[in-house]
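Colleague: First the structure, which I've put down as structure tokens, then a few questions once you've had a look.
Every read-out reported here was derived from the displayed coordinates using simple, explicitly stated rules and does not represent laboratory data. Not measured: the values here are computed from a predicted model. Methodologically, a virtual Cβ is constructed for each residue, glycine included, from the backbone with ideal geometry; neighbour enumeration extends over all protein chains shown.
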Amino acid sequence: MAPPGRRRNSLSPAAMLLGLLFLFSSTASAASAVLGVDLGTEYIKAALVKPGVPLEIVLTKDSRRKETSAIAFKPLKSGALPEGSFPERFYGADAIALQARFPGDVYPNLKHLLGASSGSDAVKIYNGRYPAIEIADTEGRKTVSFKSSVFSKEEEKSFSVEEVLGMVLKNVRENAKALAGTGYDVQDVVFTVPPFYTVEERRALEVSAKLAGLKVLSVVSDGVAVGINYATGRTFPVVNDKKEPGKPEVNLVFDMGAGSASATVLQFQGRSVKDVGKRNKTIQEVNVLGASWDRTLGGDALNSLIVDDIVNTFLELPATKSASITAEKVYGHGRTAAKMFKEAERIRQVLSANQATQASFESFFEDIDFKYKLDRTKFEQLAADISARVDAPIKKALEAAGLTIADIDSVIVHGGATRTPFVQARLEAVAGKDKIRANVNSDEAAVFGAAFKAAGLSPSFRVKEIRDSDTQGYSHSIEYMHNMKTKNQNIFTPSTKLGATKDLPFNMMGEFEFTVHQHVPSASGKETKEPTLLFKSLNLTETVTKLIDNEGCERDSFNNYVQVRLSPVTGTPEVTSAWVTCEATEAKAGIVDGVKNLFGMGGRKDQEALKEGESSSESASASSSVSSSKSSKGSKSSSAAAAEASDDGKPKKKTVRSNITWDAKKLGYEKFPRKEFRKMQDRLAAFDASDKARRVREEVLNSLEAYTYRARDYFDDEDFTAVTTKDVLTQLEEKLNAASEWVYSEGPNADEKSLRAKLKELEDIVNPVLRRRRESWKRPGAITELEETIAGMKEVDDLVKNQIAERAVYVTKSAEAASSSSASPSASPSVDPLDELEEEGIDSAPSASATPELEEVPEIYTEADRTKISSVTEKVKKWLDETRTKQDKLAAHEEPVLTVEQLKTYKKELDDVVMEMMMKKMKHFKPPKPKASPKPKAKKTSKPKKSKAEKPAETPVAPKEGEAETEAPDVQAQADQQKEDIKNGGPNAESYGGHGPTEEELREAFAKAGVEMTEEGIRKVVEQEKHDEL
């Protein structure tokens, strides 16, 4: 019974429906696949995990294991696009292939532009490398956008970086869905990012993922992702082992890709933790001890050195000097810049394995051709300054971790640029050759680590438990006003783990606000404070007043607390809660109240009934609760205050806590307004629809072109020409010639509707002829099958007739037996069973006067069944004879009146009758009675006979030694075995039990009737019989 003053909580139908929907959605989510994405500067790699399939790389449409991070808008040959239409998009290598032709509409290397402003170093570097791309400020925001010349209207030209990257990510998602197959959706994703990614960059990435239809489970740094992959196949010493604590393994991950380089010191260890119940389990831990980076140290920086040397070499040519060509002109020419950077990438990769290489440029700039040569020695001289920068990230990471290179067990290298010979030599010089390890896949370790983490975060998978603790990489502080003075307070350090919380104490009586800043060092080393979050309290003044009036709190006892957390998903700061505490004097209880409290009755207020729709928790939160704060170190609970109060009559103190409402606004990189975000989603959907329509149109165009070639082969097909006329062939030839000319002249610019109309003109001529040819091929065989089925119906009719006759005989004999039984005398009195025993060695024989028991023959069929068999057979036979006569009178080019489809339909009608007869037989299935085992013969003894009254009670007698024990047959088991034999289509004719046709007879009859009775067909019959019994 519910306590007094409380209503029973019952689930409403709506709540139950919501619960079922939640269960369904959870189940559906459990069947989803998860994705890990390594978001690189030059390449994007993705790995998929789905139920039953371990980590698998998502291949591109051309079966590559990595996709170039680029997208292109291909302009129309006729110029700007018409209003409302969209250009064709190309991704990856296809996009880069268009860069030399359309340098202003190919957008590569988007990673470093996320969250960047127009004046940032990243934008300046991007402009220098891709001069043809137009970059402008985003209206109303501090980020940048691209302007495409493909669109005609000015408002359609601007695309935010987030929107363009969203297209790239959506293409990756589509490739992943193709790999996952039908029945799987790909939404959950874990991204890898450099350890230097700021709050703005992380927020921008989250927006791009949302535009692509992806849900970000987590964002993990590159070094941690490599560490997770390293830990998947290893077990590390348990550091909290009570008997023999192990020593952690410490490794340094050096990752140098196309755009940047980073060093991350990782600690690998095992730990025994509590599992379900009283058990313990051992998990693996990957902890970040320190990290450092160089934002511009990578393959692109090396490529830029080669590009500079190419330009300098070109400027030394006599033809260049005579044309007064300057370096600014060469760098600023989009097509020339695209050619140079493409060749520089190739040259650098060749020099990693060879001593020298060269490149030939045709019409390099202003129609001047020249050849460029470079050897490894000169390249290393050009890269001397960059080579010296390799040491810095490693040394700073070790310094942040408080370690030296001697404390490191190994250096794990990752990234394509680490294959550069002088980079490898520099690593060996810093760490020692013995510590350099290539024990992970230097290209795919990060993406595999991200996918593994995604599987661990998803409820759909059970994987090896690896707990990682990543860091945000930057320190954070808050800035606020107090007593007309600006105050600053550090809250997070660069080594603070993601998910960590901080309770910030304030001594405020009224509304207040503070700003969270992120400290980001610039290229010169000077830190800049970037605002990321603005907190404002909304009802602090009102809450303080209520606590003073209602609880009697003292004015000088108030403290405010705000809990700030580094998001465990994205690593960005966020406010989780805010509250105020104060101390009040606890009122002294009266005698009556004391008695009530003694018996746990409480006051009248505590027993007050809840209002309609109000739960007990809501009622408690409506007023200020008296409780201890877990996060407030200085507050005390009322019970603790009461315990500390002395018994000498002094008043007791209690701590009162009340939550306050607040607002937190993101600063720096702000969220897109809902209207603007919806506009981007609609434009991406329109792009997708346009791409789909374009693909369909191209498929129809290809089909039309192929049809014009394929249809010409019909002129040499004798079977084709035999079922048509010369006029039709002439018409077809004319149409084919006209269609071929139209395809090459107007087809490329024609719309889908026109293409389908042209294709239909040809199909309307060819398809009727093909249909007649197909009929001429298949009609004879179909007629033969139907005739065989008609002939076989006589066998089925005979089987039905025989069963009806057996039933009639059984009914007659049953009646005679019943009449004979009623006229026989009553049974004689029982005698001693011992009198019936035979002499030893003489077999017993049944009594001559015993009447054999008739075995029941069920009524399976009736005369109506025979009538149905004969009527359907005659109808089909009559139709076949009449229609075949009509068909024989038609010419080969005329439309047939006897079609294969009609023949199949009538044959099925006969098959249905046969199946109906069999179903009736199976409904009367009855397992045969099992035969009893022979009983051992009894020996006659010489002891005197006893009367029935003197006969002792029968008791079980154990078999004598050496004599076999006889068991009663298991009737049910034998019956079940008979049914199993029927299911398995056993050869036993008794399996069907009863009378009528045996299984062999039925099979033979069905075969003659043209009905194929397979084992599967018999199983279905048995299943139908079971269904009817139920």
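Colleague: Answer rounded, prolate or oblate for region 646-770, using the Cα gyration tensor with square roots of eigenvalues a ≥ b ≥ c: rounded when a/c is under 1.5, else prolate when a/b is larger than b/c, else oblate.
Modeller: In terms of gyration-tensor shape, prolate.
Colleague: Of Phe364, Leu351, Thr377, which is farthest along the charge dipole of region 299-440 in the positive direction, counting Lys and Arg as +1 and Asp and Glu as -1 at C-beta?
Modeller: So the residue we want is Leu351.
Colleague: Let me ask something else about it. How would you rank Val226, Val250, Val34, going from fewest to most other Cβ atoms within 10 Å of each one's own Cβ?
Modeller: If I rank by nearby Cβ atoms, fewest first, I get Val250, Val34, Val226.
Colleague: Follow-up. With a 10 Å Cβ neighbour count serving as the proxy for reagent exposure, in which order, fewest first, do Val190, Val544, Val872 appear?
Modeller: Ranked by crowding around the Cβ, least crowded first: Val872, Val544, Val190.
Colleague: Considering only the other residues whose Cβ falls under 14 Å of the Cβ of Arg271, what net charge follows from Lys and Arg at +1 and Asp and Glu at -1?
Modeller: 0
Colleague: Follow-up question, since we're still on this one. Out of region 649-705, which GluC sites (Glu not before Pro) are coil in DSSP terms and have no more than 15 other C-beta atoms within 10 Å?
Modeller: Glu670
Colleague: Okay, next question. If eta is 1.002 mPa s and T is 20 °C, what Stokes-Einstein diffusion coefficient results for region 111-161, Kirkwood Rh from Cα pairs, in µm²/s?
Modeller: Answer from the Stokes-Einstein relation: 190 µm²/s.
Colleague: Then there's this: Student exercise: in region 299-440, how many lysine pairs 8 or more apart or on different chains have Cα atoms under 17 Å apart?
Modeller: Lysine pair count for region 299-440: 9.
Colleague: For each pair in Lys502/Lys536; Lys124/Lys526; Lys801/Lys923; Lys157/Lys692; Lys813/Lys908, compute the distance between the two Cα atoms and list the pairs where it is over 28 Å.
Modeller: In this structure, Lys813/Lys908 lie more than 28 Å apart at Cα.
Colleague: Quote the relative contact order of region 172-330 in percent (integer), defining contacts as alpha-carbon pairs under 8 Å separated by 6+ residues.
Modeller: Here the relative contact order equals 17 percent.
Colleague: Where Lys and Arg each count +1 and Asp and Glu each count -1, what net charge lies around Glu206 among other residues with Cβ under 12 Å from its Cβ?
Modeller: My count for the surroundings of Glu206 gives +3.
Colleague: Could you tell me the relative contact order of region 299-440? Use alpha-carbon pairs under 8 Å, at least six residues apart, and round to a whole percent.
Modeller: 19 percent
Colleague: Then there is this: Whose amide H sits under 5 Å from the amide H of Val286, counting only residues 5 or more places off or on another chain, with H placed in the peptide plane?
Modeller: It is Arg467, Asp468, Ser469, by chain and number.
Colleague: Follow-up. Could you work out the relative contact order of region 60-141, using alpha carbon pairs under 8 angstrom and six or more residues apart, expressed as a whole percent?
Modeller: That works out to 26 percent.
Colleague: Fewest first, what order do Ser870, Ser567, Ser262 take by the number of other Cβ atoms within 10 Å?
Modeller: By the 10 Å Cβ count, ascending: Ser870, Ser567, Ser262.
Colleague: Give the peptides 555-561, 194-200, 323-329 in descending order of average Cβ contacts within 10 Å, highest first.
Modeller: So the peptides 555-561, 194-200, 323-329, ranked by packing, come out 194-200, 555-561, 323-329.
Colleague: Quick one: compute a quarter of the convex hull surface over the Cα atoms of region 299-440 and quote it in nm².
Modeller: It is 10.0 nm².
Colleague: What do you get for trypsin sites (Lys or Arg not before Pro) in region 91-132 restricted to DSSP loop and a cutoff of at most 15 other Cβ within 10 Å of the site's Cβ?
Modeller: Within region 91-132, the qualifying trypsin sites (Lys or Arg not before Pro) (loop, at most 15 other Cβ atoms within 10 Å) are Arg101.
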